[in-house]
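A quick write-up on the structure given underneath.
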Amino acid sequence: MTDVATPSALPEPSAPSSKPAPPRSLRNLWATWRSWTNRIFSLREDQLFMFLAVLIGIFGGLSVVCFRVAIEWVHLLTLGSSIFPPPLRVMLVPAIGGLVVALLVIRVFPGARGSGVNQTKAAVYISNGYIPFVTVIGKFIICAIAIGTGQSLGPEDPSLQIGAGIASRLGRRLNLSQEKIRLIAPVGAAAGLAAAFNAPISSVIFVIEEVIGTWSAGVLGAIVLAAVSSVVTMRSFMGSESLFRVPPFRVAGAGELLAYVVLGVIGGFTSLLFLKWLAYARPRVQMWPRWTQYFQPAAAGLIIGFIGIRLPQVMGAGYTVIDQALHGQFSWKLLLVLAALKILATGLSFLSGTPGGMFAPTLFIGAMLGGAVGSIEHHFFPNISGTVGTFALVGMGTFFAGFLRTPITSVFMVIELSGSYTAILPIMIANMVAYLISRTYQKVPLFDFLARQDGLYLPSIEEEREQVPLVVEVAMITDGALVALPEELAADLAKRAEAKLDAPVLLRVRAGDWHFVERDEIKRLATSGSLTTKASEAKTKGPLPVLFRDQSLEDALHAVGDWPAVPVVSRANLSKLEGVVTLADILRAFRNASAE
Amino acid sequence: MASSSSSAASANQLKTHSREAVLLVTLLLLLLLIIFTAFVTRMYHKKYHVLADEWFARGEASFQAGDAAAALNDYRNAMIYSPANPNFQFHLARSLAATGRNDEARAYLLNLLSESPGSGQINLELARIAARGGPKSMPDALRYYHAAIYGEWETDPIGMRWQIRREFCEYLLNNNAMNQAEAEIIALADNTSPDNLEEQKTAGNLLLRARLWSRALQQFQTVLATDPNDQVALVGAGTAAFQLAQHPQAAGYFNRLPPQLREDPSVAGMVDTSNNIVLADPFLLGLSAEERAKRTANAVTMAEARATACAKETGEAPHVTAPTSPLQKAVAASDAAPADWSERNLRAHPERIDAAMAAAFDMENAAANQCGEAAGLDYALWLLGRGRQGGLR
């Protein structure tokens, strides 16, 4: 029964007070409020966390809507409403925007640097989930200016950080436990990303794949709730149209999948090229004198503006351009030029230290590259049924998988954006090819090497994912134990024990009920005088925990505790001993693994 | 102990109070943010709506002014602010097609078609793009034109279908797909309102182009029944009658035209020829026996003269004992006539008129084959002969 507050629970006003007492209706309202909040706060923290996830989702959705509107307003105010603004304006606006951005980042909001993904990860793993609210404000303002004035960056990663920052603030204000505060930032991140992408599934998967790395039921539920409520909120203000209008496409035949393998190879190597360039250039740019930081975004903006005179498609996030590519509205030459120039423009924006996301540029480059590859393949093999739009769609996922190294997110994202499972096979094949190429030739993923260049050693989710877990099987000794049954005569057991001196003696009382018997105890029973003394009469230690051969060594370490040995049994038959494991065995296995 | 527990309780209470207040403030902030976002997005949508309409209006103006390239940019701008608007997409596709960017236009239209497959307008634009693609894309053009004809039209569906069928017929005629064209033109003529003279005339002209002379004549006669002086109908009816070898009728229609129109190169030849035939034809009803004999004798004389001139032109002797060429054979047949084909003789023996005219036609025909098409009265005589021999429909 929850504690329901009554008006009497309110602090009684002191009788001789100069202030008048609040009116009765207000007091009743306060009482009702307290009763309601008491119910909320009397929930278990897990349940409260779910409630907060919904709240965070709504906040995240609203913030992202405002963020999107802010970007558009900045764009309209600075570059105007035409696709082809006057050349001088195109040249100067990104440069001036860059100057403003640099001033704000260096002088006012230093925490707003970067894309937002690593900053959120850093908050989770370094700052116990703490993201200063001023960073959220800074991210909002700076990214709106940067993207709105034409820097080649996207709003998704900043949205992710904005969501995480709001969640962090709310969690701290509501005095959640440290563990929950740490977990609440990824919940907000999922909300922000889901609203920015209008794609709840891929946002949830991205946060799990890249930020937290675990599928823990508690946090998964909160992330899903936040993502869903955020998307619902966003859609109620901006409409339910997906980010891209994907044209209908035909299913590729088995032979045609080769065409998508080619796309995967090209996408993989192009993403690798982009990654290598960023990895090489970023530390060098960071070594430039500090005063140059004031001018780097402006210089990048100037070059982007110069490109934008002829090809304004390269400026900004480029969603409408992706949409056009999906509808096959560019020639293959223009698609290739746009892909190349977008790589250049995005690299410059990113290296100049302009805060902004890499998601949208990645999708842009992938779509252009995919469309170009599709057009060229169509030229040589006119019978390929997939349209140029289909290739552009698959290309988006391919480049995303190769560049951001989130293979599952990339697959789900393309499916979610296209709203169809028809292209699932080409997407899966091309994405995996690109991912494997990128992984083979660039060991450290983008977000990880960026973090390491900044001196942050955040856990690499990809490295964790790739690690082969050590299991009990590696450490256990098969045929290393002596199994005794309760009805066995103590004398016989003693004889068997003599023959196998180093083996621990385990007494199997019933299925899964194993006990440890000291050798001295066996000797004592055997020499007790009675020939009918049975093993069941021995003083044992137990019941012992049981392990299975596929369990992790961490589990085994927990299980072994102070027991001299722990049985490893079959999952199908708890009476069947498959081996035995001791603390020494486990430690030896860990040592061997480290040495390898 | 008691005091410590009471201080802990009060701390707890403070914490609870603080959380209640935070939640209250949070919910109030949420409410404010919702109101703010609603306000901002309302402004945003309104602004986008205005911009989309402005750019679209500019595009329409440019397109109407014939500047498809400018219209293209304007429509693209409009689509930034309303990307899913099918009307904008349609107009963009139309301007893309107008600037020769057919592939891009087709991509947009196919996308629109997938959403509304029965749309007459979209099918029509796709048909036009296919029609510009040459004979290779004729199957697509046929498919889309048919879909457009039988598709949905919001305003004046009957009128639109008629117009598209007319366009389709012209496309087929221009591409020499005569069999399909005939069927479509007949369907067009059948679906033409008898009250709409302009449509009747258009259908008649298409029937003329498809060489469906009888249907064309009927079509123009329908128009002339309402407006006997309609010049287009008179020209059309005259042409159809001329082609049907109904030369007196043709001459009748042509002669109702104003003189300056009769001299128009497109009809002048037919006017002269049909008048000449009317003057030279001995088989016309209502002629006296004398006139019939006179015309026949003139025809034979004229044909012999033409045959002789042609023979000289090609270095042949017209009168030989052993004729070899068709011309010599025709002249020989005339020479070997059992009786004199003079006007007096023919007047006395009107039964010889047919044989005499047959000989004249043979000579004109042989001369035409050997020396090329004649002019003036000879041409009229040759044409009359062809008509008599059933050479024309």
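A short reminder: the numbers here are calculations on the coordinates, not readings from a lab. Keep in mind that this is a model prediction, so the values were computed, not measured. Using ideal geometry, Cβ is built from the backbone for each residue, glycine included, and neighbour counts are taken over all protein chains shown.
At-a-glance table
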| read-out | value |
| --- | --- |
| Prolate/oblate/rounded call for chain A, Cα gyration tensor, a/c under 1.5 rounded | oblate |
| Peptides A:478-484, A:25-31 ordered by average Cβ neighbours within 10 Å, highest first | A:478-484, A:25-31 |
| Net charge of neighbours whose Cβ lies under 12 Å from the Cβ of B:Phe168, counting Lys and Arg as +1 and Asp and Glu as -1 | +2 |
| Shape of region A:257-466, Cα gyration tensor, a/c cut at 1.5 | oblate |
| In region B:100-172, GluC sites (Glu not before Pro) in a DSSP loop with at most 12 other beta-carbon atoms within 10 Å | B:Glu154 |
| Under 14 Å, Cβ to Cβ, from A:Ile201 - net charge with Lys/Arg +1 and Asp/Glu -1 | -2 |
| Sequence of B:Cys371, B:Cys169 once ranked by neighbouring C-beta atoms within 10 Å, starting from the fewest | B:Cys371, B:Cys169 |
| Whether region B:289-388 is rounded, prolate or oblate, judged on the alpha carbon gyration tensor where a/c under 1.5 counts as rounded | oblate |
| For A:Pro312, net neighbour charge (Lys/Arg +1, Asp/Glu -1) across residues whose Cβ lies under 14 Å away | +4 |
| Shielding of A:75-82 by partner chains, average beta-carbon count, 10 Å | 3 |
| Cleavage-rule hits, GluC sites (Glu not before Pro), region A:163-268, DSSP coil, Cβ neighbours within 10 Å at most 14 | A:Glu241 |
| Exposure proxy order (Cβ contacts within 10 Å, fewest to most) of A:Phe330, B:Phe63 | B:Phe63, A:Phe330 |
| Exercise: per-residue mean of other protein chain Cβ atoms within 10 Å, B:36-42 | 5 |
| Kirkwood hydrodynamic radius over Cα pairs of region B:336-378, then Stokes diffusion coefficient at 20 °C and 1.002 mPa s, in µm²/s | 186 µm²/s |
| For region A:145-223 versus region A:452-494, the gap between their alpha-carbon centres in whole angstrom | 36 Å |
| DSSP beta bridges in the protein assembly as shown [antiparallel fraction, %, rounded to 5] | 75 percent |
| Peptides A:588-594, A:310-316 ordered by average Cβ neighbours within 10 Å, highest first | A:310-316, A:588-594 |
| GluC sites (Glu not before Pro) restricted to DSSP loop in region B:329-370 with at most 12 other C-beta within 10 Å | none |
| For region A:547-559, 3J(HN,Hα) per residue [Karplus equation, 6.51 cos²θ - 1.76 cosθ + 1.60, θ = phi - 60°, Hz, x = Gly/Pro] | 10, 10, 5, 8, 6, 6, 5, 4, 4, 5, 4, 4, 6 |
| Region A:472-595: radius of gyration and largest Cα-Cα distance (Dmax), Å | 14.9, 52 |
| Averaged over B:43-50, number of beta-carbon atoms from partner chains that fall within 10 Å | 3 |
| Inter-part distance where region A:230-286 and region B:315-376 are each reduced to a Cα centre, Å | 87 Å |
| Cα extents of region B:99-229 along the three principal axes, largest first (Å) | 49, 31, 24 |
| Residue-averaged 222 nm ellipticity for chain B, from DSSP H runs of 4+ at -39500 (n - 2.57), nearest 500 | -25500 deg cm²/dmol |
| Part-to-part distance (alpha-carbon centres) for region A:303-324 and region A:355-428, which is given in Å | 19 Å |
| Viscosity 1.306 mPa s, 10 °C: Kirkwood-radius Stokes-Einstein D of region A:45-238 over Cα pairs, µm²/s | 96 µm²/s |
| Ranked by how many other beta carbons lie within 10 Å on average, peptides B:271-283, A:457-469 from highest | B:271-283, A:457-469 |
